[in-house]
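The values are calculated or read from the model by the stated rules, or taken from the named source; none is laboratory data. Note that this is a predicted model, so its numbers are computed, not measured. Glycine gets a Cβ as well: all are built from the backbone with ideal geometry, and neighbour counts include every protein chain shown. All accessible areas refer to the heavy atoms of the entire protein, side chains included, with ligands and DNA or RNA removed. Shrake-Rupley method; radii C 1.70, N 1.55, O 1.52, S 1.80 Å.
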Amino acid sequence: MMDTEPMSDMASASGSNNAALLHNEREVVRSAGRAAISSFLDSHTCFSVLRASGKVVVFDTRIPIQLAFYALVEHDMQAAPLWDPSLCQFVGLLTVTDFIDILRHYRRTKDDVSTLATRSIADILNDPTIQNSVLLRRKHQNSIAPHHQGFLSADTSTTLQQACRLLHTHSLDFLPIIMPEDMRVLATVTYTNILEHLVTHFREQRRLFDDTIYDLGIGTYHDSLVTISPSQTLAEALQLLHQHELSALPVVEKESQKIIGVYSRSDITFLASATDAEDAIANMDLTLETIMSQRRTDVTTPDALH
């Protein structure tokens, strides 16, 4: 009778060797992919991601903060550099999410929100109550937290690799791009701008992107995933985003567990439909289902869910 144990051991060893070879090959491809992308980012500058034409809105820190935010909404912009005339320099950025956080502060404290129509950006910057309750968590960022110590930016010759490092190291959402000759702000760059440039111009014959995002550890999965139902209020959604430091929440129907959309922290629907700050705070009691139904559907609005 033939002894099958040696053959079984050989087959097992062969399978293990093949798995090890496959794993090594995959790691080689991943390493090559990282090197190729790194080389691409090193060979392209911030100037290459700027649009051929565009506009930059700059706010004087003396103007009312409510006026500034509704100017952002009107111009469909997420952020604007702040200019302090007393220092004759840029001192930071004002973002849509800053205003949302300030509105949450006023809703929670029940302070007179109508004062936002007259309080200047500088006044808000220097308000210790708002600094401690709203802006302290972004103290290290180039946002409207107390940051008169400097203005984080890149110039047009900065490589995309360096820009990514600045965004990552300082936990920035926006990176102002300046002209080194006269310190003019040309634009603000985001990860999305850099990714769009990469997708458009990166060319590589090797199969460098066959791994799934799950295998690469990109994203949030399983028990770490935070969701919200369409029947919950906007205030609840904003609290979850703040509590877990998230940029977006999947909106999931409780009964079917079906994802019906995504609510982003930067969604300005409830601001755009409000007539003033008091109206915006009232809108926080609306359900996400209502908010999502009010979203714009023009050609400039990207699809919420794919």
State all residues of segment 186-202 that are within 18 Å of the chain's Cα centre (by Cα) and of a type outside the set (V, I, T); if no residue qualifies, say none. A187, Y191, N193, L195, E196, H197, L198
Within segment 75-102, work out how many residues are in contact with a Leu (Cβ under 8 Å, 6 or more places away or on another chain), part of a helix (DSSP H, G or I) and in contact (Cβ under 8 Å) with a residue 40 or more places away in the chain. 5
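Among the residues that make up segment 101-114, is at least one of them under 17 Å from V57 (Cα atoms) and surrounded by 14 or more Cβ atoms within 10 Å (Cβ to Cβ)?
Taking every residue of segment 101-114 in turn, none turns out to be under 17 Å from V57 (Cα atoms) and surrounded by 14 or more Cβ atoms within 10 Å (Cβ to Cβ).
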I'm trying to understand the selection: among the residues of segment 143-160, which are at pLDDT 50 or above, surrounded by 18 or more Cβ atoms within 10 Å (Cβ to Cβ) and either within 13 Å of D42 (Cα to Cα) or of a type in the set (V, I, T) (or both)? T158, L160
Tell me, please, whether a residue that is more than 20 Å from S264 (Cα to Cα), modelled with pLDDT of 85 or more and touching a strand residue (DSSP E or B) at 6+ places or on another chain (Cβ under 7 Å) can be found in segment 186-205. yes
Residues of segment 252-268 being touching a residue at least 24 places away in the same chain (Cβ under 8 Å), out of contact with any strand residue (DSSP E or B) (no Cβ under 7 Å at 6 or more places or on another chain) and either within 11 Å of T227 (Cβ to Cβ) or crowded, with 16+ Cβ neighbours inside 10 Å (or both), which ones? K254, D267, I268
All but one of (1) farther than 18 Å from I102 by Cβ; (2) open to solvent by 50 Å² or more (accessible area, probe 1.4 Å); (3) at pLDDT 90 or above; (4) not aliphatic (A, V, I, L, M) hold for P230, so report the exception by its number. (2)
The number of residues in segment 23-74 that are in contact with a strand residue (DSSP E or B) (Cβ under 6 Å, 6 or more places away or on another chain) and free of Cβ contacts under 8 Å to residues at least 24 places away in the same chain is 1
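Considering only residues that are among the basic types (K, R) and under 17 Å from A163 (Cβ atoms), which ones fall in segment 29-64?
Correct list: R51 only.
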Taking segment 39-58 and the residues there that are in contact with a His (Cβ under 9 Å, 6 or more places away or on another chain) and β-branched (V, I, T), the one that is surrounded by the fewest Cβ atoms within 10 Å (Cβ to Cβ) would be V57
